[in-house]
Amino acid sequence: MLFITRSSISIATLPALTMGSAAQDAWAASLVIALGSVLIVLLIAGLGIRFEDKSVVRFSQELLGKPFGMAITIGFLIVLLHFVGAEARLYAELIIGSFVPDTPIPFIVGSMVILAAIACYLGVETIGRTSDVLVPLFTLAILIALPMGFSAFDSRSLEPVLARGLKPVLSSTATSLALGGKYLSLGVLIPQATKPTRILLPAVATTLLAGITQTLIAVMVVGVLGPDLGNSSVFPFLSALRAVNIIRLIQRVEALGTIAWGFAILVDTSVLLYVLCRATSELMDLQDYRPLVGPIATVWFVYSMQSYDNLLSLLHFHESPAFAVFVTVTVFVPYALLWIAYGIRTLKVFEKRRR
Amino acid sequence: MTYPSVLAFDIEDPGEFTVIAQFPNPTAATSQGSVGTLASGGTAVTLPFWANSGRGASPFAAVKNIELTTSRQLSLSHVDVVLISEKLARAGIGPVLEFFLRHPELRLISEVAVVQGDMRALLESEFPLEPNPGLGLLGMLEYVRNQQSQIPRGQLLDKLRIISFPGIDPAFIRVIVLQTPEAGQQAEQRSTDGTPIPKPALKVHGSAVFDDDKMVGWFDAAESLGVNWVLGHVSRAVLTVESPQGGLVSLELKQGGCGIRYTVSGNSITMTATIEVLARVQDVVKESVPGGHPAFDPEDTAVIQSIADRAAEAIRNDIEHAIAKAKQLGVDVFGFGNTIYRKEPQVWNEIVKGRWDEFFKALDVNIEVEVNLRRTGLTARSIIPR
């Protein structure tokens with residue numbers, strides 16, 4: 001599930017978001033992002049497994065006190081709402097821009113919201129089983145499409161390698177690392193797992209795998225489109241797949257990329273909606289999250305439709321430093337505080353035992 | 001819907017774009033309708049295609065205006081070939097490239113060529129062996145590139161990449177229109193003796209070289225082949241050289257390998273292009289003398305080496321002519337500047353950047369060609385009449 005949700009970012013926009021300053025070194029930026037994502041997973045899941053029967057909503061209040069814990073949780077909910085809203089809007093913009101220009105965008109977004117709401121209402125088990133079916137199909141689509149993309153590859157596009165040093169590479173990773181805030185969902189999902197304490201290793205492994213996928217996609221996109229064309233493309237991976245033309249028989253492979261992204265969106269939005277509903281129900285001390293599915297799905301739909309004027313404003317916000325600052329303040333800083341609080345508490349317990 | 005297979009772009013004064021679309025006509029198969037019909041002397045022939053045009057302030061507007069006089073909606077998702085008139089090429093093809101980059105139906109894998117001659121006449125001409133002229137033209141471009149290598153690679157994506165690379169300029173395929181029929185002329189040829197007399201409508205020959213998005217000149221077949229040798233894009237080529245024993249020997253050549261080496265010394269850059277060629281004797285033209293020497297004898301190693309050396313000399317000449325012409329036009333179609341940009345970025349940024357045109361015109365280029373005559377076809381020695 002983590003693999004498919006993280007890889008969906010690279011299918012969508014990653015090369016465009018990283019290539020701005022990295023240009024032909026976007027692949028290097030992807031490697032940095034992969035390593036950074038692993039650190040994010042360790043930050044979030046590493047603390048979560050230490051409270052295996054409690055979600056972040058509960059243990060944040062336990063560590064930092066009820067008011068502060070609740071405030072942090074509300075910050076998490078806002079970030080999760082942002083992620084799910086942006087995801088749905090981005091995919092809808094792709095569908096409308098590339099395939100069905102006359103279809104109203106609320107129809108596309110509404111369809112995704114309804115599907116995710118149904119999956120969420122049926123429960124995390126259903127989402128997990130759906131993911132079990134879709135992840136192999138997603139992986140197969142990427143495994144078929146990605147090598148085909150290399151048929152139009154021109155290695156000159158990747159040179160000169162790291163000629164401008166690491167600074168442009170590092171500066172282009174901010175947005176993608178901020179998107180790693182999606183791993184916040186682990187904070188709510190860990191207690192749902194069969195063996196919560198064993199979540200960390202698979203989470204790190206899938207994050208690395210997603211990072212390798214992103215790097216290969218970045219290499220392929222830059223090699224096929226070139227740094228300039230790739231940077232100006234709205235959906236670079238899909239644009240690169242449109243260049244596949246093997247013996248004039250194998251074309252239109254972007255369908256595989258679009259289908260794979262659709263699968264990823266379904267799982268991703270369902271998970272995020274579930275996490276939103278679950279966390280909100282815990283915050284409100286409700287027994288069941290299901291009554292909140294309808295209202296939160298409605299809020300999600302409204303947020304998707306109203307928060308951005310168009311695709312360009314969506315991309316522009318995510319490319320700007322404001323997005324990275326927003327996620328850092330609402331996710332990474334609170335988690336750092338939680339770790340500090342956990343460390344202090346552990347030290348106190350250790351001191352008490354020593355006495 | 002209707003799916004044009006060829007889109008042709010032209011520009012009229014004062015800066016109005018014309019787009020001609022060639023559509024396959026499915027009704028021709030059932031002899032229904034009269035679209036694209038030529039009628040003369042009472043005999044009507046329904047053509048399997050139809051060409052219609054539109055005008056507009058931009059390529060997109062011109063394409064949309066085609067629909068004003070077409071009974072079906074256009075879908076551009078099957079455009080295989082893009083033609084650009086010489087006039088538009090010299091004015092700048094930026095608007096056409098923008099159109100292709102933005103439109104969700106158009107694909108960058110379309111082959112693109114510059115047309116020398118009457119483009120409308122070309123699109124209204126039949127391809128004798130092809131029901132769909134668009135596919136016929138596409139096949140011609142691919143075949144000529146694979147079998148003769150005297151035209152550059154043709155996909156639009158390739159050109160866009162090259163335009164975005166520093167230190168290299170693109171070359172487009174050149175198409176020469178051979179016939180410009182007067183109205184009804186083709187029909188008269190078909191009806192005079194009762195059977196159609198097909199003639200080739202075009203010739204694929206050489207390339208149009210561009211400085212960024214503006215065409216600056218033509219390269220003939222030999223010059224284009226010279227460029228392809230340096231770029232390593234030769235799959236097959238034909239060369240005829242004089243035999244030291246008299247007569248001519250026709251060789252089929254294949255690219256064995258190529259490499260570019262460079263030396264940078266202060267403000268001076270020297271390039272060395274090394275080209276390896278594999279050759280096969282395909283034909284020998286020599287007056288036969290009964291009882292005399294065979295026209296070609298593979299056991300005479302001195303003759304073999306001489307033929308190989310002459311072939312190498314001919315290839316070197318083609319390349320040097322191409323370099324001289326490229327310098328004259330100020331276009332680096334070989335990518336020498338791009339080599340410096342990729343391999344010596346510091347030199348590029350500190351010395352060359354923004355001044356590559358100057359450096360290119362003064363560039364010292366050494367050409368080393370090695371031809372290896374490996375095969376002689378299905379027979380070794382020529383027959384000797386007795």
By residue number, the members of the range B:77-107 that are within 14 Å of chain A (Cβ to nearest Cβ), in contact with a strand residue (DSSP E or B) (Cβ under 7 Å, 6 or more places away or on another chain) and not β-branched (Val, Ile, Thr) are B:ASP80
Checking A:PHE83, A:PHE76 in turn, the sole residue that is closer than 30 Å to A:ILE344 by Cβ and more than 14 Å from every other protein chain (Cβ to nearest Cβ) turns out to be A:PHE76
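Yes/no matrix, rows are residues, columns are (1) more than 23 Å from B:ARG153 (Cα to Cα); (2) in contact with a His (Cβ under 6 Å, 6 or more places away or on another chain); (3) modelled with pLDDT of 90 or more; (4) not hydroxyl-bearing (Ser, Thr, Tyr):
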position: B:ASN267; (1), (2), (3), (4): yes, no, no, yes
position: B:SER288; (1), (2), (3), (4): yes, no, no, no
position: B:THR301; (1), (2), (3), (4): yes, no, no, no
position: B:GLY330; (1), (2), (3), (4): no, no, yes, yes
position: B:GLY337; (1), (2), (3), (4): no, no, yes, yes
position: B:ARG342; (1), (2), (3), (4): no, no, yes, yes
position: B:ARG355; (1), (2), (3), (4): yes, no, no, yes
- In the range B:178-185, is there at least one residue being within 13 Å of another protein chain (Cβ to nearest Cβ) and acidic (Asp, Glu)? no
Residue hits (the range B:4-20; closer than 16 Å to B:GLU111 by Cβ and in a strand (DSSP E or B)) are B:VAL6, B:LEU7, B:ALA8, B:PHE9
Matching residues in the range A:236-262 (assigned to a helix (DSSP H, G or I) and more than 9 Å from chain B (Cβ to nearest Cβ)) number 14
Cβ pairs under 7 Å, 6+ apart or interchain, first in the range A:185-203 and touching a residue at least 60 places away in the same chain (Cβ under 8 Å), second part of a helix (DSSP H, G or I) and not aliphatic (A, V, I, L, M), ordered by first then second residue, are A:LEU186/A:GLY48; A:GLY187/A:GLY48; A:VAL188/A:ARG278; A:ILE190/A:GLY48; A:ILE190/A:PRO196; A:LEU200/A:GLY46
By residue number, the members of the range B:146-173 that are of a type in the set (S, T, N, Q), within 13 Å of chain A (Cβ to nearest Cβ) and within 16 Å of B:GLY206 (Cα to Cα) are B:ASN146, B:GLN155
Any hit, the range B:105-113, residues being within 15 Å of the chain's Cα centre (by Cα) and farther than 17 Å from B:GLN22 by Cα: no
Kindly indicate whether any position in the range A:282-291 is within 30 Å of A:PRO136 (Cα to Cα), within 14 Å of another protein chain (Cβ to nearest Cβ) and of a type outside the set (Gly, Ala, Ser).
no
Only unsatisfied item for A:TYR308, checking (1) surrounded by 18 or more Cβ atoms within 10 Å (Cβ to Cβ); (2) in a helix (DSSP H, G or I), is (2)
Per the list (1) over 23 Å from B:ILE163 (Cβ atoms); (2) of a type in the set (Asp, Glu); (3) in contact with a helix residue (DSSP H, G or I) (Cβ under 6 Å, 6 or more places away or on another chain), residue check on B:GLU320 breaks on (3)
Point to revise | So A:GLU282, is it over 18 Å from the mean Cα position of the chain (by Cα), surrounded by 17 or more Cβ atoms within 10 Å (Cβ to Cβ) and not polar (S, T, N, Q) | key: yes
If you check A:SER157 against the conditions, is it modelled with pLDDT of 90 or more, on the phi < 0 side of the Ramachandran plot, out of contact with any Leu (no Cβ under 6 Å at 6 or more places or on another chain) and within 14 Å of another protein chain (Cβ to nearest Cβ)?
-> yes
The residue that is surrounded by the most Cβ atoms within 10 Å (Cβ to Cβ), considering only those in the range B:344-386 that are within 13 Å of chain A (Cβ to nearest Cβ) and touching a strand residue (DSSP E or B) at 6+ places or on another chain (Cβ under 7 Å), is B:GLU344
By residue number, the members of the range A:157-189 that are among the hydrophobic types (A, V, I, L, M, F, W, C) and assigned to a loop (DSSP other than H, G, I, E, B) are A:VAL161, A:LEU162, A:ALA163, A:LEU166
Counting only residues in the range A:220-235 that are hydrophobic (A, V, I, L, M, F, W, C) and either part of a loop (DSSP other than H, G, I, E, B) or more than 8 Å from chain B (Cβ to nearest Cβ) (or both), the one surrounded by the most Cβ atoms within 10 Å (Cβ to Cβ) is identified as A:VAL221
Going through the range A:86-113 in order, the residues found to be within 14 Å of chain B (Cβ to nearest Cβ) and part of a loop (DSSP other than H, G, I, E, B) are A:PHE99, A:VAL100, A:PRO101, A:ASP102, A:THR103
If you go through A:GLY65, A:GLY69, the only one that is surrounded by 19 or more Cβ atoms within 10 Å (Cβ to Cβ) and away from chain B (no Cβ under 14 Å) is A:GLY69
It is to be established whether one or more residues within the range A:299-310 are at positive phi and not polar (S, T, N, Q). no
Restricted to the range B:152-162 and to residues being within 16 Å of B:PHE334 (Cβ to Cβ) and either assigned by TED's automatic domain parsing to the domain that holds B:LEU231 or outside any helix (DSSP H, G or I) (or both), the residue modelled with the lowest pLDDT is B:ARG153
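The values are calculated or read from the model by the stated rules, or taken from the named source; none is laboratory data. The structure presented is a predicted model; accordingly, all values stated were derived computationally and were not measured. Note: ideal-geometry Cβ built from the backbone for every residue, glycine included; neighbour counts use all protein chains shown.
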